[in-house]
Amino acid sequence: MALTGMQIYKNLPKTNCKDCGLPTCMAFAMQVAAKQRALSDCPHISEEASESLAEASAPPMKLIKIGIGENSYEIGQETVMFRHEEKFHRRTGIAVRIPSSLSDEEATALVEKINKSAWVRVGDTIKVSFSAVEVDGVDDPGKRAKLVAENSKVPVILIGRDAGKMKSAAETIKHKNPLLYRAESSNIDTMAELSASTKLPLAVGGSNLEELADLTNKAREKGAENLILSFKTDNLGDTLRSLTIARRAALRQRFREFGYPAMTEITAEPLEEETVLGAIYAAKYSAIVLINGSEPWEILPILTTIQDVYTNPQVPNTVEAKLYEIGNVAENSPVMFTTNFSLTYFSVAGEVERSKVPAYICVVDTEGLGVLNAYAGDKISAEKVVKTLQEQKVVEKVKHRKLIIPGLLPIFRAEIEDTSEWEEVIIGPENAREIPAFLQKMAKQ
Amino acid sequence: MQIPDVKEKWVSRINEVTIGATSEQGGTRSKTITVGGQSTLPFLSFEGESPHKTVIAGYVADTLPNWPDVLKDAIGKEINSPVEWAQKAVEEFGVDLISLRLIGADPAVKDKSPEECSKVVQDVLKAVDVPLIIWGCGDDEKDNHILPECSQAAKGENCLIGSAKETNYMTIVALCKADKHKIISEAPVDINIGKQVNILLQDAGFDLKDVVMFQTTAALGYGFDYVYTILERARIAGLKGDNLMAMPQICDVGGEVWRVKEAVADEDILPGWGKLSKRGPLWEATCAGVYMHAGADILVMAHPEAISIVRKIIEKTE
């Protein structure tokens, strides 16, 4: 978080010695605040003052990395409570549990399934982010951890309370930088020492927020710095409140004990409920949700929620401005155009799909604005539509010369007919929802 | 260790809106439903109260919607009759109230007459004793014809009638005033228009304490983020003292979700996406559950399994 000039000035010697080359300490402080000078340019600053400034300028929520290299996942450094205040910076990762009850073969098969749990949705890959392996109940924790770590294409979480077993598992795969899950009041000392000596990130959970603050403090005193606040779902309201209070305390009050990303372990029967809870807690401040299910139908609703809620609200979602083919198009298929605002495009494309009438949709670049806003903001014109149709060589795809235009832009008809080869312009529906009936009626004629 | 006090000091409350009327109140419902009244964001009981739980309204239409078989089969043959459908939703699916959509009135669907529509309203009111939400077909001109008749048929029942938009609010205000119903104000995923419609309703002499906001609902994956954020922003504005945004909010989850690919297409079209019989209901339940946490007070839902999952979560979240 950026410091103000005054905050910096308070920590300077205030001697106006000019050794930094500036006339006063205040002038120097202002330049440091503007990032034009480094604090170390002051030769007289005390170690204590520079440490306190470094701490104050640290982000209120730490960035934590799990895994290594390309096979790593970063969480934390979030800055806001609501996405409309700025944006959520890092997508929640889904962790799928690999229970200790599984045999080696079954565990390997589940890891394979996790590796394959990736889908492309609206042009973007969404996938499971962690293999979370239980080591408490297995005979040889090191062997199980190694088996999973070697096969997993996503970072690993080691689940266990027995510090001895966690230690042997962690030692075996520490080069993969797994997350240790989790320290509680009963094992905080040994888990924190393990995290400190191996430099592995550690999840810490308490029976309430006060205890959690004590435990993260304790872990840090032992040298464990990469922490994650861990919550469970025994009481759904409490889980939400704890996640909310911890995040507010970190972001608004810079409460250091909670200055870490959060994760939530979902335990719910039946599994269907787990999906909904996973999505809820992903939207509400959990950087990781740990779940038991591994079926696509359980995971996809959570992944899609994350995909939506973690988009940047300051940037309009757009699709590429080009010609899209919906269904098995042929030379007699209808042609229509719309804007590159993704919401508009996907509504139109979805309704065309529903109509079961194959059609071409030519997307015009409106800088991410919907039809009316684009028209009002001069981001779409008949000329631009004609130009896009030409660039996409649409006339070569179909033998007819009929163009369906959005019902909200009837005013474009004459100009398009007069200035292009699209000699018959048909005014389509105002609302995407009316497209199926419209296309089906057209197809019959 | 002492935790810092992070309570928000909200200055206002969300309006309480009651739907339905019992015999003492001039109606025939066995109970009424009240939503709103919160003095904080959903479930944050450490800084305020949420006196009424989120309610589930069962989606019922006068005409069979264009829905996938997984949904139609789950509802059963009763889906062909709004009366039987409403009964089953109340008795078996356990919904709190009924949301009746008169889609058959749409000139592009069946172009049903005002008399046909008001008959459906009367029949549903007779068949179930829970409060009723009545929506037109969405075609403004046609709704101007059917809604007055429907409103009159339900006079005294204190229904929630939808929806008032910039284009048709005068008619809705007139009939809701005359027949003493509550209004749904609708905006097309635009918080500013949402506020504008409320101003129009107020200017037309309608008490905003009798209004529920409908920000239009997006299905999960299709503009969900916009609606999620509008629900949150509207709720925050209401708690911060903006009387024009202090209404309870309704989401038509069932009416939206069952149109999108993820809830309609099985594995033959979406290989590797898991069986639709499981994925579809979860698409609806997830969408509803997350909207509830953004500030939705009434969730209109269709699939019995989705209703049952969300019901359990509502009951368990305190």
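For every helix of n ≥ 4 consecutive DSSP H residues, a contribution of -39,500 (n - 2.57) applies; sum these over chain A, divide by its total residues, and give [θ] at 222 nm rounded to the nearest 500 deg cm²/dmol. Walk me through the intermediate numbers first.
Details: 16 runs with 176 residues, N = 445.
Here the helix-only value at 222 nm equals -12000 deg cm²/dmol.
Cut-off 10 angstrom, C-alpha nodes, Gaussian network model of chain A. Which of A:228, A:68, A:288 fluctuates the most?
A:68
What is the spin-label model distance, in nm, from residue A:46 to residue A:143 if the labels are put 7 Å beyond Cα along the C-beta direction?
Placing both labels 7 Å beyond Cα along the Cβ direction yields 5.9 nm.
With a/c under 1.5 counting as rounded, go ahead and sort region A:35-171 into rounded, prolate or oblate using the C-alpha gyration tensor (a ≥ b ≥ c being the square roots of the eigenvalues; past the cut-off, prolate if a/b is larger than b/c, else oblate). Don't jump to the answer; show the numbers that get you there.
Values: a/c = 3.13, a/b = 1.69, b/c = 1.85.
It is oblate, given that a/c is not under 1.5 and a/b is not larger than b/c.
Would you look at the GNM of chain A, springs on alpha carbons closer than 10 Å, and say which of A:407, A:21, A:69 moves the most?
Looking only at A:407, A:21, A:69, the biggest GNM fluctuation is shown by A:21.
Do the alpha carbons of any pairs in B:7/B:312; B:9/B:177; B:7/B:195; A:441/B:126; A:167/A:232; B:112/B:316 sit beyond 31 Å of each other, and which pairs? If you can, show how the numbers build up before the last one.
On the way: B:7/B:312 28 Å; B:9/B:177 35 Å; B:7/B:195 27 Å; A:441/B:126 38 Å; A:167/A:232 23 Å; B:112/B:316 42 Å.
Among B:7/B:312; B:9/B:177; B:7/B:195; A:441/B:126; A:167/A:232; B:112/B:316, the Cα-Cα distance tops 31 Å for B:9/B:177; A:441/B:126; B:112/B:316.
What whole number of Å gives the distance from the Cα centroid of region A:153-209 to the Cα centroid of region B:84-133?
Distance between centres, Cα-based: 56 Å.
Say we join alpha carbon atoms closer than 10 Å with springs in a Gaussian network model of chain A; which of A:29, A:38, A:287 then has the biggest fluctuation?
A:38
What does the charge add up to near residue B:236, with Lys and Arg as +1, Asp and Glu as -1, over the other residues with Cβ less than 11 Å from its Cβ? Provide the component values of the computation, followed by the final result.
Details: positive: B:233, B:235, B:240; negative: A:85, B:8, B:232, B:242.
So the environment of residue B:236 carries a net charge of -1.
How large, in Å, is region A:323-444 by the Kirkwood hydrodynamic radius built from its alpha-carbon pairs?
Details: mean 1/r = 0.0710 Å⁻¹.
Over region A:323-444, the inverse of the mean reciprocal pair distance is 14.1 Å.
May I ask you to list the lysines whose Cα is less than 25 Å away from that of residue A:393, ignoring any residue fewer than eight positions away on the same chain?
A:322, A:356, A:379, A:384, A:402
Å³ per residue of the Cα convex hull, for chain A?
In chain A, the Cα convex hull volume per residue is 195 Å³.
Considering region A:63-309, what Rg and Dmax in Å follow from its alpha-carbon atoms?
Cα only, region A:63-309: 16.7, 49 Å (Rg, Dmax).
Strictly greater than 25 Å: what percent of every Cα pair in chain B meets that? Walk me through the numbers on the way to the answer.
Working: 23899 of 50403 pairs.
Counting every Cα pair in chain B, those more than 25 Å apart make up 47 percent.
Run the reach check for residue A:116 against lysines, Cα to Cα strictly under 21 Å, same-chain hits fewer than 8 apart removed. What comes back?
Counting by Cα, and skipping residues close in sequence, residue A:116 has these lysines nearby: A:127, A:146, A:153, A:176, B:275, B:278.
Where does chain B land at 222 nm, in deg cm²/dmol rounded to the nearest 500, when only DSSP H runs of n ≥ 4 count, each adding -39500 (n - 2.57), divided by all residues? Walk me through the numbers before you get to the answer.
Working: 11 runs with 126 residues, N = 318.
So the helix-based figure for chain B works out to -12000 deg cm²/dmol.
Which ³J(HN,Hα) values, rounded to whole Hz and listed in residue order, are derived for region B:68-73 from phi using the Karplus coefficients 6.51, -1.76 and 1.60 in 6.51 cos²θ - 1.76 cosθ + 1.60 with θ = phi - 60°, glycine and proline given as x?
Those phi angles translate into x, 4, 4, 7, 4, 5 Hz.
What is the average number of partner chain Cβ atoms found within 10 Å of a Cβ in A:309-315?
2
Specify which residue in the list B:132, A:224, B:206 is farthest towards the positive end of the charge dipole of the protein assembly as shown, using unit charges on the beta carbon of Lys, Arg (+1) and Asp, Glu (-1), about the Cα centre.
The listed residue farthest towards the positive side: A:224.
Please give me, ordered by residue number, the trypsin sites (Lys or Arg not before Pro) of region A:378-442 that lie in loop per DSSP and have at most 16 other Cβ atoms within 10 Å.
On the way: sites: A:379, A:384, A:387, A:393, A:397, A:399, A:401, A:402, A:413, A:433, A:441; in loops: A:379, A:393, A:397, A:399, A:401.
When the trypsin sites (Lys or Arg not before Pro) of region A:378-442 are filtered for loop state and at most 16 Cβ neighbours within 10 Å, A:393, A:397, A:399, A:401 remain.
Charges only on Cβ, +1 for Lys and Arg, -1 for Asp and Glu: so what's the dipole of the protein assembly as shown about the Cα centre, in debye to the nearest 20?
Details: 86 positive and 108 negative charges, 292 e Å.
Charge dipole, the protein assembly as shown, about its Cα centre: 1400 debye, nearest 20.
HN-Hα J couplings of region A:358-371 from phi, Karplus 6.51/-1.76/1.60, θ = phi - 60°, integer Hz, Gly and Pro as x?
Along region A:358-371, the couplings run x, 8, 9, 10, 9, 9, 9, 6, 10, 6, x, 9, x, 4 Hz.
Explain nothing, just the number: relative contact order of chain B, from Cα pairs under 8 Å at least 6 residues apart, as a whole percent.
Working: 675 pairs, mean separation 62.1, N = 318.
Worked out over chain B, it gives 20 percent.
Considering every residue in B:65-77, what mean count of other chain Cβ atoms within 10 Å of its Cβ is obtained?
Working: counts 0, 3, 0, 0, 0, 0, 0, 0, 0, 0, 0, 0, 0.
Average per residue, whole number: 0.
What is the set of long-range amide H partners of residue B:275 at a cut-off below 5 Å, with H atoms built 1.01 Å from backbone N?
Counting only residues 5 or more places away or on other chains, the set is A:297.
Could you tell me what percent of the DSSP beta bridges with both partners in chain A are antiparallel, to the nearest 5? Spell out each step's value before the answer.
On the way: 15 of 56 bridges.
Within chain A, antiparallel bridges account for around 25 percent of the total.
Within the P(r) computed for the protein assembly as shown, what percentage of the Cα pairs occupies the region above 41 Å?
Details: 115236 of 290703 pairs.
Cα-Cα pairs in the protein assembly as shown separated by more than 41 Å: 40 percent.
Report the Stokes-Einstein translational diffusion coefficient (µm² s⁻¹, integer) for region B:131-260, Rh taken as the Kirkwood radius over Cα pairs, at 10 °C with viscosity 1.306 mPa s. The partial results should precede the final answer.
Values: Rh = 14.8 Å.
Estimated diffusion coefficient is 107 µm²/s.
Arrange the following residues from fewest to most other Cβ atoms within 10 Å of their Cβ: A:258, B:93.
Numbers: A:258 27, B:93 21.
Exposure proxy ranking, most exposed first: B:93, A:258.
Can you pull the mean other chain C-beta count within 10 Å for peptide A:247-255? Let's see the in-between values first.
Details: counts 1, 6, 4, 2, 1, 3, 4, 1, 5.
The shielding value for this peptide is 3.
Where a number appears in this text, it was derived from the coordinates with a stated rule and is not lab data. Only a predicted model underlies this, so the values are computations on that prediction, with no experimental measurement involved. Here Cβ is always computed from backbone atoms with ideal geometry, including for glycine, and neighbour counts include all displayed protein chains.
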